[in-house]
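Visitor: What follows is a single structure, and I will ask about it in a moment.
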Amino acid sequence: MSTQVHATIDESTVRQISEELGEPEWLLETRLDALDALDDLDMPSVIQTPGRKWTNLEDLDYESLVDPLDAAEEKELVDAEGVEVLPWSEAVDELDDLLEERFGSVVDPQSNYLTALSTALFSTGTVVHVPEGVEAEDVKVRTEMNSQSLFNYTLVVTEKSSSVTLLERQSTGDADVEGDRYYSGVVEIAAGENSNVQYGSLQNVDEETYNFTHKRGDADTYATVDWIEGNVGSRLTKSSVETELNGDGSETQIVGAFFGHEDQHFDLDARVWHRAEHTTADLVTRGVIDDVARSVYEGVQDVGSGAWDTNSYQRENTLMLSDESEADASPKLIINNHDTEASHSATVGQVDQEELFYMTSRGVDEEDATNMLVEGFFVPVLDEVAVDELREDLEDLVAQRLRE
């Protein structure tokens, strides 16, 4: 590893964070193990072609970006009847047994350098626990970063035959912070037997912020984990949204939407592992880039040898509004079981000139016509968003971006 933050981060820093949160010894040891592993871990994987990395994470100056002892935020939590929605500092007292069982069980704390860094340094978080048989809607978590860096952790656990709809937002506030910022978010979802999780995320941090997020779900027998991922803000985003279908009859859907302009860079991964029988996955992503923005997409459907009767589908579409913008997509199918129905596709292109000509020839201004086509381009993915509030917010942000 050429990138280090050890000049500003050491064992005493980690111990101070853990002590201020009142954490048990087992969690402190997990943090310290992650810190010790940094020297031996690589950055998150990125697509490479001969002579080129599509996203370069090693060049970021993490030492200047990361100041975990000066973390500041505003966090708003909205719970639902029968559901425990607790800030991390309270969860370590009230849900200690649950945390010890579930923390790090879905996202390996040492899966890569940035995940280990997040594990060692997170100072804020939320735990959502849905007891057996409880059905909950409109659980909300809003995190506003008011410091140079913030490390956030979210754990969602649903017990047997329960369900929850959770909307999480990330933004930056008006705090007087000079220079670049760094936001890191790790999300673990453990969906119990016959439970249902709909997790929506809307990232709209300012465009001086580097954003790293790693979201991963584990679906038990007949469980469903659905993700909605909206990315509009940040200077550079490296995001992974993943589901392991470990139970028979489990399902997942990963819906993504992004809109980049100026010199924004989005590197987005959507991955699913079919481990059990009769599992279903649907990966749908649409994005627009303008100016000199860049997008990188990798989608992976991995069907294991024991995953009989698998259905797995993937489609990704990127619309470029500028000749200087750049988009790459790499969908992958890994199939080790012949009893599988699967497909994958990806397209990258510009606004259809025939459609644009048709609209302008009937009196529509070219800019208005382009905006209408862009809004129409997002419709197929927005139609997949089951959370009304998130869909409406995404529509508003797209319209706002088009007016800029």
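Visitor: Restricting region 242-265 to residues that are within 12 Å of the chain's Cα centre (by Cα) and in contact (Cβ under 8 Å) with a residue 60 or more places away in the chain, which is farthest from Leu394 (Cα to Cα)?
Guide: It comes out as Val255.
Visitor: From the list Glu144, Glu168, Glu137, which one is of a type in the set (D, E, K, R), assigned to a strand (DSSP E or B), touching a residue at least 12 places away in the same chain (Cβ under 8 Å) and open to solvent by less than 10 Å² (accessible area, probe 1.4 Å)?
Guide: Being of a type in the set (D, E, K, R), assigned to a strand (DSSP E or B), touching a residue at least 12 places away in the same chain (Cβ under 8 Å) and open to solvent by less than 10 Å² (accessible area, probe 1.4 Å) holds for just one of Glu144, Glu168, Glu137, which is Glu168.
Visitor: Just checking, how many residues over region 203-227 are closer than 17 Å to Gly287 by Cβ and touching a helix residue (DSSP H, G or I) at 6+ places or on another chain (Cβ under 6 Å)?
Guide: Within region 203-227, residues that are closer than 17 Å to Gly287 by Cβ and touching a helix residue (DSSP H, G or I) at 6+ places or on another chain (Cβ under 6 Å) number 0.
Visitor: Which of the residues that make up region 10-45 are charged (D, E, K, R), in contact (Cβ under 8 Å) with a residue 40 or more places away in the chain and within 19 Å of Asp61 (Cα to Cα)?
Guide: Asp42 - this is the single residue of region 10-45 that is charged (D, E, K, R), in contact (Cβ under 8 Å) with a residue 40 or more places away in the chain and within 19 Å of Asp61 (Cα to Cα).
Visitor: Pairs needed: first member in region 50-77, in contact (Cβ under 8 Å) with a residue 12 or more places away in the chain and within 24 Å of Arg294 (Cβ to Cβ); second member anywhere, open to solvent by 90 Å² or more (accessible area, probe 1.4 Å) and in a loop (DSSP other than H, G, I, E, B); C-beta distance under 8 Å; at least 6 residues apart or different chains.
Guide: Cβ pairs passing all conditions: Glu58/Ser2.
Visitor: Working carefully through the options Ile189, Ile254, find the one that is of a type in the set (Val, Ile, Thr), over 19 Å from Val303 (Cβ atoms) and buried (at least 22 other Cβ atoms within 10 Å of the Cβ).
Guide: Among Ile189, Ile254, only Ile189 is of a type in the set (Val, Ile, Thr), over 19 Å from Val303 (Cβ atoms) and buried (at least 22 other Cβ atoms within 10 Å of the Cβ).
Visitor: Tally up the residues in region 324-343 that are open to solvent by 90 Å² or more (accessible area, probe 1.4 Å) and touching a residue at least 24 places away in the same chain (Cβ under 8 Å), please.
Guide: 3
Visitor: Follow-up question, since we're still on this one. Please state which one of Thr172, Thr165 is closer than 22 Å to Glu63 by Cα and of a type in the set (S, T, N, Q).
Guide: Thr172
Visitor: Any residue at all in region 119-126 that's at pLDDT 95 or above, crowded, with 20+ Cβ neighbours inside 10 Å and under 19 Å from Thr243 (Cα atoms)?
Guide: No.
Visitor: Something else: Among the residues of region 344-387 satisfying the criterion of being under 19 Å from the mean Cα position of the chain (by Cα) and open to solvent by 30 Å² or more (accessible area, probe 1.4 Å), which is modelled with the lowest pLDDT?
Guide: Ala386
Visitor: Let me ask another. Among the numbered criteria (1) out of contact with any Asp or Glu (no Cβ under 7 Å at 6 or more places or on another chain); (2) over 25 Å from Glu251 (Cα atoms); (3) of a type in the set (A, V, I, L, M), which one does Val398 miss?
Guide: (1)
Visitor: Can you say whether Ala80 is at pLDDT below 95 and under 23 Å from Arg142 (Cβ atoms), as far as the supplied structure shows?
Guide: Yes: the conditions hold for Ala80.
Visitor: Being surrounded by fewer than 24 Cβ atoms within 10 Å (Cβ to Cβ), among the small types (Gly, Ala, Ser) and under 18 Å from the mean Cα position of the chain (by Cα) is true for just one of Ser295, Ser305, Ser239. Which residue is that?
Guide: Ser239
Visitor: Among the residues that make up region 72-95, is at least one of them open to solvent by 10 Å² or more (accessible area, probe 1.4 Å), more than 29 Å from Thr13 (Cβ to Cβ) and hydroxyl-bearing (Ser, Thr, Tyr)?
Guide: No; the residues of region 72-95 include none that is open to solvent by 10 Å² or more (accessible area, probe 1.4 Å), more than 29 Å from Thr13 (Cβ to Cβ) and hydroxyl-bearing (Ser, Thr, Tyr).
Visitor: Could you grab me the full set of residues in region 260-283 that are open to solvent by less than 10 Å² (accessible area, probe 1.4 Å) and either modelled with pLDDT under 95 or not acidic (Asp, Glu) (or both)?
Guide: Gly260, Gln264, Phe266, Ala270, Val272, His274, Ala276, Thr279, Ala281, Leu283
Visitor: Next up: Could you check Asn317 against (1) of a type in the set (S, T, N, Q); (2) without any contact (Cβ under 8 Å) to a residue 60 or more places away in the chain; (3) surrounded by fewer than 22 Cβ atoms within 10 Å (Cβ to Cβ) and say which number it fails?
Guide: Tallying (1) of a type in the set (S, T, N, Q); (2) without any contact (Cβ under 8 Å) to a residue 60 or more places away in the chain; (3) surrounded by fewer than 22 Cβ atoms within 10 Å (Cβ to Cβ), Asn317 fails exactly one: (2).
Visitor: Of the residues Ser45, Ser64, only one is open to solvent by 70 Å² or more (accessible area, probe 1.4 Å) and either more than 24 Å from the chain's Cα centre (by Cα) or among the polar types (S, T, N, Q) (or both); which?
Guide: Ser45
Visitor: Report whether or not Glu392 is modelled with pLDDT of 80 or more and more than 23 Å from Glu262 (Cα to Cα).
Guide: yes
Visitor: Got a sec? Which of Arg294, Arg286, Arg235, Arg216 is basic (Lys, Arg), under 24 Å from Asn337 (Cβ atoms) and modelled with pLDDT of 95 or more?
Guide: Within the list Arg294, Arg286, Arg235, Arg216, the selection yields Arg216.
The values are calculated or read from the model by the stated rules, or taken from the named source; none is laboratory data. All of these numbers come straight from a predicted model, not from anything done at the bench. FYI the Cβ positions are ideal-geometry reconstructions off the backbone, even for glycines, and counts take in every protein chain you see. The accessibility values were calculated without ligands, DNA or RNA, using every heavy atom of the protein model including side chains. Shrake-Rupley method; radii C 1.70, N 1.55, O 1.52, S 1.80 Å.
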